[in-house]
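Some notes on the structure that comes next.
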Amino acid sequence: MKNSTIACFGYGKTTRAIAKAYGPCTFFDDKITVPSTDEEGNFLKPISEFDTRAFTHEIPSPGFPPTHPLITQATHLISEYDFFAPKMPFSIWISGTNGKTTTTQMIEHLLSDKGAISGGNIGTPLADMSPDAPIWILETSSFSMHYTNVARPNIYALLPVTPDHVSWHGSMQAYYDAKLKPLSMMKEGEAVLLPKMFADAPTNGFKIIYEDEKDLAKYFGFDASKIKFKGAFLMDAMIAMGIDKILYDRCDYDRINAFILDPHRQEEFRDGADRLWINDSKATNIDATLAALRTYSDYKVHLVLGGDDKGVELEELFTPLKKYDVTVYAIGSNALRLQTLCKQYNIPCILCNTLDVAVEQISKKHNRHSVAMLSPAAASLDQFTSYAHRGNLFRELAKATK
């Protein structure tokens with residue numbers, strides 16, 4: 001492959017790892033305006049200089065939309081997954097709208113004694129993963145699956161799917177189709193954990209259908225009371241334990257309970273007045289926010305919402321939101337849209353626009369019997385560098401309240 005002519009679309013972590021292993025490659029990126037070379041000897045060119053006849057492989061960064069000019073002109077397009085399919089070992093793919101990272105981490109935690117390693121969306125490009133590892137656990141986005149036509153999982157766990165990335169895929173049906181694509185490639189006897197809404201999806205794999213954690217507990221024989229996680233994380237834990245059960249017929253409560261969640265996922269802390277705050281900044285879509293609300297449904301909730309909502313229909317948030325004792329503090333680029341919807345659904349709302357104002361307003365009403373939660377149901381890049389930046393600022397501002 002060293003002698004192949006490889007074009008990489010997007011100068012990002014995934015494609016740069018491929019270039020390091022198989023390059024030098026030629027990169028085309030919207031941000032490149034003048035041709036140059038990098039320290040690895042790769043060629044960096046504007047997209048206007050792309051000519052598909054010069055290449056044998058054209059590998060897009062996962063986030064490149066199908067409408068991008070480079071994609072529409074390419075005639076040798078191949079996904080990162082398909083590029084590595086010939087050397088991919090036994091693989092477990094994790095997808096869904098929310099919980100992919102946590103579930104992937106939990107599976108790696110449970111299977112670490114078997115030599116399993118994780119990668120994909122979770123942060124490690126496939127080019128940096130050892131082909132000698134016996135098991136790859138891959139957090140897999142709908143973007144990656146859209147372009148993948150050869151690689152397939154040996155076990156596929158699809159977490160609940162709700163509206164997300166509609167503008168990228170073009171429609172909800174196209175988003176569903178991407179999530180279900182691996183089913184068409186599964187072989188008889190290979191396990192597929194599948195939400196009930198997709199129970200009729202055709203596959204040669206063995207379908208394990210579930211709607212909630214109770215279904216998973218019943219199917220695998222788990223005792224939920226012995227698992228420390230709650231809400232959406234309980235489902236993540238049960239899916240991870242289910243895969244361990246499928247592969248090695250074991251159920252280790254102590255081992256799963258030793259797993260430590262990442263920051264910014266329903267992260268609890270208290271201020272100087274002993275009031276409870278929840279940093280759920282990683283809740284970048286509707287379903288993640290609803291999962292957080294279900295976890296704290298017994299409380300009065302001061303909820304910070306808003307950011308870049310990526311064009312999804314927010315009505316799917318507001319209909320269930322009416323069930324809770326909640327006041328919304330609207331921030332971000334969709335703050336006015338949130339305010340309008342709150343008025344429409346008769347939900348108390350304070351237009352804050354920025355996070356500091358939201359925390360200040362919450363502090364005036366928050367007490368020991370309520371919960372203050374940043375669970376924005378939106379991406380962060382309209383006002384922050386990342387969801388972590390947003391979450392860290394929320395924690396800092398909240399701890400400074402009096």
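The values are calculated or read from the model by the stated rules, or taken from the named source; none is laboratory data. Note that the structure is a prediction, hence the values are computed from the model and not measured. No Cβ is skipped: glycine too gets one built from the backbone with ideal geometry, and neighbour counts run over all protein chains shown. Protein only, heavy atoms only, side chains kept; ligands, DNA and RNA dropped before computing areas. Shrake-Rupley method; radii C 1.70, N 1.55, O 1.52, S 1.80 Å.
Regarding S95, is this residue without any contact (Cβ under 8 Å) to a residue 40 or more places away in the chain, under 22 Å from A157 (Cα atoms) and crowded, with 22+ Cβ neighbours inside 10 Å?
So S95 does not fit the description; no.
This table checks each residue for (1) of a type in the set (S, T, Y); (2) surrounded by fewer than 19 Cβ atoms within 10 Å (Cβ to Cβ).
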| residue | (1), (2) |
| --- | --- |
| T15 | yes, no |
| K31 | no, yes |
| N42 | no, no |
| E58 | no, no |
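Find the residue count for the stretch 143-153, including only residues that are open to solvent by less than 40 Å² (accessible area, probe 1.4 Å) and aliphatic (A, V, I, L, M).
Matching residues across the stretch 143-153 total 2.
Results for (1) surrounded by 24 or more Cβ atoms within 10 Å (Cβ to Cβ); (2) out of contact with any helix residue (DSSP H, G or I) (no Cβ under 6 Å at 6 or more places or on another chain); (3) basic (K, R); (4) within 30 Å of P376 (Cβ to Cβ), shown as yes or no for each residue.
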| residue | (1), (2), (3), (4) |
| --- | --- |
| P89 | no, yes, no, no |
| T102 | yes, no, no, yes |
| D113 | no, yes, no, no |
| I117 | no, yes, no, no |
| T124 | no, yes, no, yes |
| A133 | no, yes, no, no |
| L138 | yes, yes, no, yes |
| S141 | no, yes, no, yes |
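Looking at D200, D177, D164, D128, which one is at pLDDT 95 or above and either out of contact with any strand residue (DSSP E or B) (no Cβ under 8 Å at 6 or more places or on another chain) or small (G, A, S) (or both)?
D200
Filter the stretch 223-241 for residues that are more than 20 Å from the chain's Cα centre (by Cα) and crowded, with 22+ Cβ neighbours inside 10 Å and give the result.
Once the filter is applied, which keeps residues that are more than 20 Å from the chain's Cα centre (by Cα) and crowded, with 22+ Cβ neighbours inside 10 Å, the stretch 223-241 yields nothing.
Of the residues in the stretch 113-131, how many are among the aliphatic types (A, V, I, L, M), more than 24 Å from R255 (Cα to Cα) and not in a loop (DSSP other than H, G, I, E, B)?
Residues flagged as among the aliphatic types (A, V, I, L, M), more than 24 Å from R255 (Cα to Cα) and not in a loop (DSSP other than H, G, I, E, B) within the stretch 113-131 amount to 2.
Let me confirm something: among V357, V328, which residue is aliphatic (A, V, I, L, M) and buried (at least 19 other Cβ atoms within 10 Å of the Cβ)?
V328
So, of the residues in the stretch 1-13 that are closer than 20 Å to P65 by Cβ and of a type outside the set (S, T, Y), which turns out to be most open to solvent (accessible area, probe 1.4 Å)?
Residue satisfying both the conditions and the ranking: K13.
Of the conditions (1) closer than 20 Å to T104 by Cα; (2) open to solvent by less than 50 Å² (accessible area, probe 1.4 Å); (3) charged (D, E, K, R); (4) touching a Lys or Arg at 6+ places or on another chain (Cβ under 9 Å), R275 fails just one. Which one is it?
Evaluating R275 over (1) closer than 20 Å to T104 by Cα; (2) open to solvent by less than 50 Å² (accessible area, probe 1.4 Å); (3) charged (D, E, K, R); (4) touching a Lys or Arg at 6+ places or on another chain (Cβ under 9 Å) leaves (1) as the failure.
From (1) free of Cβ contacts under 8 Å to residues at least 40 places away in the same chain; (2) in a loop (DSSP other than H, G, I, E, B), pick out the condition that doesn't hold for F64.
(1)
Can you tell me which residue in the stretch 17-29 is surrounded by the fewest Cβ atoms within 10 Å (Cβ to Cβ), limited to those that are in contact with a Phe, Trp or Tyr (Cβ under 9 Å, 6 or more places away or on another chain) and assigned to a loop (DSSP other than H, G, I, E, B)?
P24
Report the residue count in the stretch 196-217 for those that are part of a helix (DSSP H, G or I) and either touching a Ser or Thr at 6+ places or on another chain (Cβ under 8 Å) or in contact (Cβ under 8 Å) with a residue 40 or more places away in the chain (or both).
Going through the stretch 196-217 one residue at a time, the tally reaches 1.
Does any residue of the stretch 290-297 turn out to be of a type in the set (S, T, Y), within 25 Å of S184 (Cα to Cα) and over 18 Å from the mean Cα position of the chain (by Cα)?
Looking through the stretch 290-297, none of the residues is of a type in the set (S, T, Y), within 25 Å of S184 (Cα to Cα) and over 18 Å from the mean Cα position of the chain (by Cα).
Restricting the first residue to the stretch 24-42 and requiring it to be without any contact (Cβ under 8 Å) to a residue 60 or more places away in the chain, which pairs with a second residue that is aromatic (F, W, Y) meet a Cβ separation below 6 Å and a spacing of at least six or different chains?
If the second residue must be aromatic (F, W, Y), the pairs left are T26/F43; F27/Y11; F28/F9; F28/F50; D29/Y11; T37/F43; N42/F27.
Are there any helices (runs of 4 or more DSSP H) wholly within the stretch 309-395 with 3 or more residues that are at pLDDT 95 or above, and if so which?
In the stretch 309-395, 335-344, 355-363 are the helices (runs of 4 or more DSSP H) which contain 3 or more residues that are at pLDDT 95 or above.
Look through D274, D298, D309, D280 and report the one residue that is farther than 27 Å from T102 by Cα and acidic (D, E).
Answer to the selection: D274.
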